[in-house]
Amino acid sequence: MTTLFTNARLIDPARDSDAPGWVLVRDGVIAAFGDGDASETAEDTIDCGGKCLAPGIVDIGVKVCEPGERHKESYKTAGLAAAAGGVTTMVTRPDTLPAIDTPEVLEFVERRANEAAPVNVVPMAALTKGREGKEMTEIGFLMDAGAIAFTDCDHVVTNNKVLSRAMTYARANGALVMSHPQDPILSAGAAANASKFAALRGLPAVSPMAERMGLDRDLALVEMTGVKYHADQITAARALPALERAKKNGFDVTAGTSIHHLTLNELDVADYRTFFKIKPPLRAETDRLALVEAVKSGLIDIICSMHTPQDEESKRLPFEEAASGAVALETLLPAAMQLYQNGDLTLPQLFKAMALNPANRLGLTSGRIEQDAPADFVLFDPDAPFILDRFKLQSKSKNTPFDGAKMQGKVLATYVAGKAVYRRD
């Protein structure tokens, strides 16, 4: 079966290209592509109508609440949300109940994901048993079972001996370790970024230095062990110099940030709106601008949704007591379009951070427009305006900070292996 995508505005992050083009798909992979009008023929032709055709988003750090909290999000609802948001590969977190820390649990997750989700699902596993930071998991067996990376998520491993041993073993197996840079003592109980604003609001806060200190510790252990390392979220300008030094010194280090930290700031919590409570907390506007520049320069490699579903009961509480997190699979692309519309980042730069770089870091062949790469695409209109209604989101949980926001950028269709898994009505 061959399908020709024609009359497209082709977004190619590998070539930093945004130009009219076409793509020919054969048996689920890209057979050919080019600029201008297509000279190829196919059994099926899809006219993109001059809209943007880009590699499907590879979203690192998606929480799907199976097992344990299926009432918040299931693989079916997360998969539908991903498809509606142009996410063709979800890289899922192991912070479930119980944690994904054994091959048996990992195999259950993979089976459920393959049964229920219309998009690709690639699982990560816990770095330590129960994410308790006491004993490392069986990294080799988990890799054999399909784990693509190892992380304890926001449970920071405080025992440096345990973490160094886990990193050493991960290096021996060629495994990627993903960490949450944060000093857990300084950040305990924090609900906001430390500033005059948080003090006036009476909110318990954490200094950005807690992130810097956590990253410095991690990078020292990276230097000691030589492990492949990814910082899940860099949110503070003070952490950027340490990251830059590590890269210049040749360490195998990458870093990500969430779309919320690129598009929102600490002032957004002014009315104690708990949908804006995330972890790490929203930072100052100067931090946000520094992060945008870091993505532009390539210092920060990856933009992710950090999709974290929370039910109404855990959010409808006083701000400091409410659960942290926001759903973002469907809002990642339209929120990213804010950066494009403002002239901060080009579309190829955005899709390099949202598709190509995460795929490269994880050793996936997706996230690019190249011959023999998977035909995973998102077709979208970057200029289409809409007002977000959280109750229309596909996710079971509706905790988005963008509820009622005026946004631009509609996903028109999402394709996995050349087949449509979502089409806008």
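Structure data summary
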| item | result |
| --- | --- |
| Length-normalised contact order of the stretch 1-137 in % [C-alpha pairs under 8 Å, at least 6 apart] | 19 |
| Which of P280, H230, L24, positive extreme of dipole for the chain (C-beta unit charges) | P280 |
| Förster-model FRET efficiency, 45 Å R0, S39 and E107, C-beta, rounded to 0.05 | 0.45 |
| The chain: angle of helix 285-297 to the longest principal axis, Cα-based, in degrees nearest 10 | 50 |
| Burial order of peptide ranges 76-87, 297-308 (average beta-carbon count within 10 Å, highest first) | 76-87, 297-308 |
| Dipole magnitude (debye, nearest 20) for the stretch 63-156, charges at Cβ of Lys, Arg, Asp, Glu | 320 |
| Degrees separating the helix 160-173 axis from the principal Cα axis of the chain, which is the longest one | 30 |
| Degrees separating the helix 332-341 axis from the principal Cα axis of the chain, which is the longest one | 80 |
| Sites Y272 and L186, calculated FRET efficiency, Cβ-Cβ separation with R0 22 Å, nearest 0.05 | 0.45 |
| For peptides 360-370, 239-249, sequence by mean Cβ density within 10 Å, most packed first | 360-370, 239-249 |
| Label-point separation, K161 to V29 (7 Å along Cα→Cβ), nm | 4.9 |
| Cβ-placed point charges (K, R +1; D, E -1), dipole of the chain about Cα centre in debye, nearest 20 | 820 |
| Expected 222 nm ellipticity per residue - DSSP helices of 4 or more, -39500 (n - 2.57), all of the chain, to 500 | -8000 deg cm²/dmol |
| Long-range amide H partners of A413 with built H, under 5 Å | L379, R424 |
| Modelled FRET efficiency - R0 22 Å, K296 with E370, Cβ distances, 0.05 increments | 0.40 |
| Net dipole in debye of the stretch 1-129 [+1 Lys, Arg Cβ; -1 Asp, Glu Cβ; about Cα centre; nearest 20] | 480 |
| Backbone N under 17 Å from the N173 label point (7 Å along Cα→Cβ), restricted to the stretch 339-379 | 362-363 |
| Pairwise label distance in nanometres, A405 with A220, each label 7 Å out on the Cα-Cβ vector | 3.7 |
| Choice from A199, A145, A116 with maximal GNM fluctuation in the chain (Cα, 10 Å cutoff) | A199 |
| Rounded to 5, percent antiparallel among DSSP beta bridges of the chain | 50 |
| Set of lysines near K129 by C-alpha distance (under 22 Å), chain-local residues within fewer than 8 positions excluded | K63, K161, K228 |
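Each value in this text was obtained by applying a stated rule to the coordinates, not by laboratory testing. Because the structure is a prediction, the values reported are computed rather than measured. Methodologically, a virtual Cβ is constructed for each residue, glycine included, from the backbone with ideal geometry; neighbour enumeration extends over all protein chains shown.
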